[in-house]
1. Looking at segment 153-174, is at least one residue closer than 16 Å to ALA90 by Cα, loosely packed, with under 14 Cβ neighbours inside 10 Å and at pLDDT below 80?
2. For segment 1-42, which residues satisfy the criterion of being among the aliphatic types (A, V, I, L, M) and without any contact (Cβ under 8 Å) to a residue 12 or more places away in the chain?
3. Test GLY99 against the criterion of being at pLDDT 80 or above, of a type outside the set (S, T, N, Q), at positive phi and out of contact with any Phe, Trp or Tyr (no Cβ under 9 Å at 6 or more places or on another chain), and give yes or no.
4. Has segment 69-76 got any residue that is under 30 Å from ARG28 (Cβ atoms), modelled with pLDDT of 90 or more, part of a loop (DSSP other than H, G, I, E, B) and within 19 Å of the chain's Cα centre (by Cα)?
5. If you check SER131 against the conditions, is it in contact with a Phe, Trp or Tyr (Cβ under 9 Å, 6 or more places away or on another chain), more than 24 Å from VAL32 (Cα to Cα) and at pLDDT below 85?
6. Would you be able to say whether some residue in segment 88-101 is among the basic types (Lys, Arg) and within 12 Å of the chain's Cα centre (by Cα)?
7. When you scan segment 50-64, do you find a residue that is more than 23 Å from ARG119 (Cα to Cα), open to solvent by 40 Å² or more (accessible area, probe 1.4 Å) and assigned to a loop (DSSP other than H, G, I, E, B), even just one?
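The values are calculated or read from the model by the stated rules, or taken from the named source; none is laboratory data. Bear in mind that the values here come from a model prediction, so they are computed numbers and not experimental data. Quick reminder, even Gly has a Cβ in these numbers, built from the backbone with ideal geometry, and neighbours come from all protein chains shown. Areas reflect the complete protein model, heavy atoms only, side chains present, ligands, DNA and RNA absent. Shrake-Rupley method; radii C 1.70, N 1.55, O 1.52, S 1.80 Å.
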Amino acid sequence: MSADAERLLIIDDDEQFCFVMARAMRRRGFEVTTAMTEEEALASIRQAPPHMATLDLKLEHSSGLKLLPELLALAPACHVVVLTGYSSIATAVEAIKLGAVNYLCKPADADEILASLEREGGDPDIDIADSPPSVNRVTWEHIQKVLQEHDGNISATARALGMHRRTLQRKLQKRPVRR
């Protein structure tokens, strides 16, 4: 590894994802560190601030959205891409507002992630869907928006939506509908 290799921090609670992505990025010349918890990530950033980072939106005991401002406070020049298997418009907007350079839905491969990390600015040529999202997708988006408004508090979100807390928890455990 060269002394001038860019440092990449992969923050994800999926051990297999970290292993595979770290190997792929090392092959592309990065100096890679992985962290599976918020504490590991912050310790790693303090030790050697990364140039780039991938941040899982839904960590086991934390939220990537809560970690993002702390990460950028410690490493202000770091380019961060938020990755998630639970994408929603609300969380994408918040991630960008909080300083992420991009937001990608899993599964994303190393080339997609690298392109997102290196891209400056928006893409006016991005594909626009031919049809509106399904009712199920709109419902998922609305739940995510209300959950975000209540800082991730399940009970407060369930009250705001007029549904039982356990019903909301079941809905949140499911993967979002694609379209």
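1. no
2. ALA3, VAL20
3. It is true that GLY99 is at pLDDT 80 or above, of a type outside the set (S, T, N, Q), at positive phi and out of contact with any Phe, Trp or Tyr (no Cβ under 9 Å at 6 or more places or on another chain).
4. Yes, there is a match, as at least one residue in segment 69-76 is under 30 Å from ARG28 (Cβ atoms), modelled with pLDDT of 90 or more, part of a loop (DSSP other than H, G, I, E, B) and within 19 Å of the chain's Cα centre (by Cα).
5. no
6. Within segment 88-101 (the criterion being among the basic types (Lys, Arg) and within 12 Å of the chain's Cα centre (by Cα)), the answer is no, since none of the residues qualifies.
7. Checking segment 50-64: at least one residue is more than 23 Å from ARG119 (Cα to Cα), open to solvent by 40 Å² or more (accessible area, probe 1.4 Å) and assigned to a loop (DSSP other than H, G, I, E, B).
Residue by residue, here is whether (1) of a type outside the set (A, V, I, L, M); (2) open to solvent by less than 50 Å² (accessible area, probe 1.4 Å) holds:
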site	(1), (2)
ALA24	no, yes
MET36	no, no
ALA77	no, no
LYS97	yes, no
